[in-house]
Amino acid sequence: MSRLSEVRCRTQVLVFQNSFASTHDTLQVHCKSGNEDLGVHFVKFTDFVYVIRFVDNTTTGTYWNCLIQHGPKMEYFQNFRAYTSDPSGPCCQHTWIAKEDVFNPAILIVQS
């Protein structure tokens with residue numbers, strides 16, 4: 001067994017960070033995985049992050065699809081796959097940073 005395969009995390013962590021330029025801009029996060037719906041969560045600039053902790057399903061795999069929104073009427077949004085399990089990868093924390101695109105107020109998501 002290789003050293004890399006021994007370094008697996010039991011708990012995976014998804015982190016959503018609000019890095020919008022305006023301190024009044026709230027990030028709305030809504031994530032689902034299979035039949036599990038975590039509901040809508042609001043991340044104010046002062047709250048900084050929303051965290052999801054979970055254990056991978058080693059039989060069928062795990063994925064998280066997320067919809068994030070912001071703007072006065074939550075009119076800017078992005079729907080994306082925030083996590084897909086990888087049995088060979090040792091990564092434990094997956095951070096997604098939401099901020100404005102330089103040329104428009106749409107959401108730009110950066111994984112760090």
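For the range 37-105, what is the convex hull volume of the alpha-carbon atoms per residue, in Å³?
Values: hull volume 8.6 nm³, N = 69.
So the per-residue Cα hull volume is 125 Å³.
For the pair Ile97/Tyr63, report the inter-label distance in nm, with labels modelled 7 Å from Cα in the Cβ direction.
Label-label distance for Ile97 and Tyr63, simple model: 2.7 nm.
Using +1 at the C-beta of Lys and Arg and -1 at the C-beta of Asp and Glu, which of Trp64, Pro87, Val49 has the Cα lying farthest in the positive direction of the dipole of the range 3-111?
Among Trp64, Pro87, Val49, the one farthest towards the positive end of the dipole of the range 3-111 is Pro87.
Just so you know, all these numbers are worked out from the coordinates, no wet-lab data involved. Quick caveat: nothing in here was measured; it's all calculated off a predicted structure. No Cβ is skipped: glycine too gets one built from the backbone with ideal geometry, and neighbour counts run over all protein chains shown.
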